[in-house]
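Have a look at the structure below, then the notes.
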């Protein structure tokens, strides 16, 4: 099984720029050893199980909670598929290949 989780999480009570709060969350994701891709609007992570994905969301919240954030916003999208792995890179490769076919 492969679970792609796309999520963003940030405090809403810490002003306009929150990178100082989001950076430790990204560090926790990096240190988890899971495959991930940071984007300007969120982060995409691949896990083996739904439980693993949701546990990571809980850990992200705890990072912000420990930093004194009193109000946290989060948005999550999940793509759960049986029998496939390495989908972050495979999905991108598939689109890149198709773009190459169209361009030629």
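Using Cα pairs closer than 8 Å and at least 6 residues apart in sequence, work out the relative contact order for segment 18-103, in percent. Computed over segment 18-103, the figure is 27 percent. In this label model, residue 1 and residue 81 are separated by 1.6 nm, measuring between points 7 Å along each Cα→Cβ vector.
For semi-axes √(5λ) of the Cα gyration tensor in Å, several values are listed as (i) 24, 16, 13; (ii) 29, 17, 10; (iii) 31, 11, 10; flag the one computed from this structure. Here semi-axes √(5λ) of the Cα gyration tensor in Å agrees with entry (ii).
Principal-axis analysis of the Cα atoms of the chain puts helix 50-66 at an angle of about 30° to the longest axis. Length available on full extension from residue 23 to residue 54: 0.36 nm per residue minus the Cα-Cα distance, which gives 9.2 nm. Between the beta carbons of residue 95 and residue 13, assuming R0 = 41 Å, the FRET efficiency works out to 0.60 to the nearest 0.05.
Only the coordinates and a few stated rules stand behind these numbers; no lab work does. None of the values given here were measured: they were computed from a predicted structure. Counting neighbours? That spans all protein chains shown, and the Cβs are built from the backbone with ideal geometry, glycine included.
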